[in-house]
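Before any comments, here is the structure.
The values are calculated or read from the model by the stated rules, or taken from the named source; none is laboratory data. Bear in mind that the values here come from a model prediction, so they are computed numbers and not experimental data. So basically every Cβ, Gly included, is an ideal-geometry build from the backbone, and we count neighbours across all protein chains shown.
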Amino acid sequence: MGVDTSAGTSNAVGGECAVISAVRTGDADLVRTLLHEQSDPDDLDAAFCLAVRMHAGHIAQLLLQYGADADRGRPEDLISLSEGVDSGSPALFETLLVQGNARGYPEAELLEARDLARRWHETGTEAELRRRTGSRDALVRTRVQDDEYSSVDAFTLGGATVRDGHGAILTFVEDLIGARTSFEELAVRALAHAGQENHATWNSVTILLGSRGDETTWTAAAALRTDPDPSRRLFGAEVLRLTHLFDDSDEDAFAGPALDVFTDWSAEETDVSVLTEILVALGEHIGSRAEAALLPHAGHPDARVRRAVAQGLGEWSSPPALSDDAREALVRLTADPDAVVRRAACSTLAQARDDDPALGDVLAAALGDADRLVQLTAVHGLAVHDDVRCVEAARLLGPPRRGSLEEEHCLDAVRRYEWRHARP
């Protein structure tokens, strides 16, 4: 049975490189920072193998993104596919699949992984862990980040730690071997984690269903709009949104139906989480209808809703420049009580292809915000809009914090501004 040691705190030994030392301590943020600063191929490959053996799937994925070669690791330096299933970490299991694509897992091994994941999922993580350890001690349950976008619960009992992402692992394997699991079964699988924001199983199921892009899935998801359970409405809304988002066909067949559904739905939905998902979906559409459906929610009492409005309004909703109504709403939102909303509004104004000098003044006013990320977003916007005020503002903010790619991105826009104006 896999034991998750990714939260270890051991120190580096003499002569060990910084990346490997950071992997050994399970510090994903430090690993990301070090990878951004330097990346010796041999160190990356060794660090990748260590991360896999430690069941640190998130860190292993980071190492792959920065150039680690999974194919250079020897099988004995890694772990088996079944051990990846036992870990309960979808990130780790996906990493093993990436590694396995180079060598090719036999079908029998994939089927064994599927059956093992189903046993964990159907039995329940706690029950299966108690059966394997034989422990009657109190179980410790903690929420942990499994990859960049998804989280899971980690169950610790009898000296072993297992994550509860077996539903996501089962979904991955079924898709890999070409098994088409029904909408109903996948919905039950995801809804077992309703209310657990960004749980890996919920995410994997909605992404899989959204990528199917067929009328059967669309109809089943749309039928949940009138369900009395808000969790089921949220599930349906997310599948519908992703179905449109993932449709890259020339016909864009789901654009019209999605806009129709979400426009009407936004006017009647009362649950905040569901409404937020609907408004995010509307923000992914081009045209005045989506904007008109977003604007009434700009003053909603919940910051999540206001943030969705701020992100959704832009030149794509009212080309070629911001409409008067959109501009007015965004200006108000740059002074919102919530810093995340203010930042979203500044970001949308920064991206607006609008030469109105008044927008520069709005962004300049945000330079005095109490939140550093709002200030940086305003600086970025001024630089993009070719406003000289970005230079002094960037100087006052100082260099980006170490490891913050976001801050580097914002301040890099100022460097590009200076380069443009330094040319003859």
Legend entry - Candidates SER150, SER135 - the one that is more than 19 Å from HIS55 (Cα to Cα), of a type in the set (S, T, N, Q) and in contact (Cβ under 8 Å) with a residue 12 or more places away in the chain: SER135
Legend entry - Enumerated helices (runs of 4 or more DSSP H) restricted to the range 223-331, each holding at least 2 residues that are in contact with a His (Cβ under 9 Å, 6 or more places away or on another chain) and either surrounded by fewer than 19 Cβ atoms within 10 Å (Cβ to Cβ) or modelled with pLDDT under 95 (or both): 255-266
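Inside the range 173-213, can you point out the residues that are of a type in the set (A, V, I, L, M, F, W, C) and part of a loop (DSSP other than H, G, I, E, B)?
Within the range 173-213, ILE177, ALA179, ALA192, ALA194 qualify.
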Inset, instruction - Output the qualifying pairs, or none if there are none: Cβ atoms under 9 angstrom, residues six or more apart or on different chains, first residue in the range 399-418 and free of Cβ contacts under 8 Å to residues at least 24 places away in the same chain, second residue among the polar types (S, T, N, Q). - result: SER404/THR33
Inset, instruction - Being of a type in the set (S, T, N, Q), assigned to a helix (DSSP H, G or I) and closer than 22 Å to LEU30 by Cβ narrows it down to one of THR95, THR142, so name that one. - result: THR95
Legend entry - Matching residues in the range 127-154 - criterion: being farther than 17 Å from PHE93 by Cβ and touching a helix residue (DSSP H, G or I) at 6+ places or on another chain (Cβ under 7 Å): LEU139
Legend entry - Number of the condition not met by GLY2 [criteria: (1) at pLDDT below 90; (2) under 27 Å from THR125 (Cβ atoms); (3) out of contact with any Asp or Glu (no Cβ under 7 Å at 6 or more places or on another chain); (4) surrounded by 14 or more Cβ atoms within 10 Å (Cβ to Cβ)]: (3)
Inset, instruction - For residues that are modelled with pLDDT of 95 or more and surrounded by 13 or more Cβ atoms within 10 Å (Cβ to Cβ), scanning just the range 393-406, find the one that is nearest to LEU30 (Cα to Cα). - result: LEU397
